Amino acid sequence: MLETQKYVETGLLELVVNGEKRSVMVRPADLLLDVLRDQLGLTGAKPGCKNGDCGACTILVDGWPIKSCLMLAVEAVGHEITTVEGLNGTPLQQAFVSEFAFQCGYCTSGFIINCQALANIHPQADEAIIREWLQSNLCRCTGYEEIGKAILSVISKN
């Protein structure tokens with residue numbers, strides 16, 4: 001309640017992004033996607049459809065994949081936000097490179113985030129679960145086969 005009162009008075013929010021506390025000035029209607037990109041300089045989450053269909057803006061909120069174009073910045077207070085920048089150097093990121101699981105790269109960050117959540121939540125996922133999870137992200141340049149191989153290569157090591 002104290003955080004809400006502080007925000008009402010100042011417009012200032014404190015967010016935890018990639019393990020770091022960050023203060024941002026927001027309006028009540030500001031999307032988390034826009035705040036991450038424009039105020040925090042975290043441009044890995046991409047604006048695609050801005051209506052939750054494409055998944056290019058996917059981030060993790062408390063470990064779950066969320067489309068940041070559908071979440072207000074004020075809703076992120078008290079939650080752990082992870083962007084693709086917070087996954088730098090992870091085995092999954094390397095698997096995407098090794099398996100050539102991207103083409104133009106615009107959707108790649110959303111896929112990496114979604115696949116990281118999948119690996120954490122379903123570490124023994126089979127191909128059916130992987131296919132189901134990949135449905136929440138769209139790629140117009142390449143097939144999903146390489147993306148599936150990338151996630152399989154990571155979870156098979158667990």
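The values are calculated or read from the model by the stated rules, or taken from the named source; none is laboratory data. Predicted model only: the values in this text are computed from it and were never measured. Because the Cβ atoms are built from the backbone with ideal geometry, glycine has one as well, and the counts that use them run over all protein chains shown.
Points to keep in mind about this one:
- Among (1) out of contact with any Leu (no Cβ under 6 Å at 6 or more places or on another chain); (2) buried (at least 19 other Cβ atoms within 10 Å of the Cβ); (3) among the hydrophobic types (A, V, I, L, M, F, W, C) - the single one C104 does not satisfy: (2)
- Taking the criterion of being out of contact with any helix residue (DSSP H, G or I) (no Cβ under 7 Å at 6 or more places or on another chain) and touching a residue at least 24 places away in the same chain (Cβ under 8 Å), the residues of region 100-123 that qualify are Q103, C104, Y106, C107, G110, A117, N120, I121.
- Flag if L138 is surrounded by fewer than 20 Cβ atoms within 10 Å (Cβ to Cβ), assigned by TED's automatic domain parsing to the domain that holds V16, under 18 Å from the mean Cα position of the chain (by Cα) and closer than 22 Å to L36 by Cβ: no
Conditions tested, residue by residue: (1) on the phi > 0 side of the Ramachandran plot; (2) at pLDDT below 95; (3) assigned by TED's automatic domain parsing to the domain that holds K149.
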residue	(1), (2), (3)
P28	no, yes, no
G55	yes, no, no
P65	no, no, no
S68	no, no, no
L72	no, no, no
V97	no, yes, yes
C104	no, yes, yes
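- Scanning region 48-80 for residues that are within 22 Å of S23 (Cβ to Cβ), out of contact with any helix residue (DSSP H, G or I) (no Cβ under 8 Å at 6 or more places or on another chain) and of a type in the set (D, E) gives D62, E80.
- Qualifying residue in region 41-51 (condition: surrounded by fewer than 22 Cβ atoms within 10 Å (Cβ to Cβ) and free of Cβ contacts under 8 Å to residues at least 12 places away in the same chain): yes
Okay, residues lined up against (1) in a helix (DSSP H, G or I); (2) in contact with a Ser or Thr (Cβ under 8 Å, 6 or more places away or on another chain):
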position: A117; (1), (2): yes, no
position: A125; (1), (2): no, no
position: I130; (1), (2): yes, no
position: S136; (1), (2): no, yes
position: R140; (1), (2): no, no
position: K149; (1), (2): yes, no
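- Search result, residues across region 35-75 that are touching a Gly at 6+ places or on another chain (Cβ under 6 Å) and in a loop (DSSP other than H, G, I, E, B): C54, G55, A56
- Criterion (loosely packed, with under 15 Cβ neighbours inside 10 Å and free of Cβ contacts under 8 Å to residues at least 12 places away in the same chain) met by exactly one of D38, D62: D38
- Residue, surrounded by the fewest Cβ atoms within 10 Å (Cβ to Cβ), within region 78-94, restricted to residues that are aliphatic (A, V, I, L, M) and at pLDDT 95 or above: L87
- Among (1) on the phi > 0 side of the Ramachandran plot; (2) without any contact (Cβ under 8 Å) to a residue 40 or more places away in the chain; (3) more than 13 Å from the chain's Cα centre (by Cα), the one test that G19 misses: (2)
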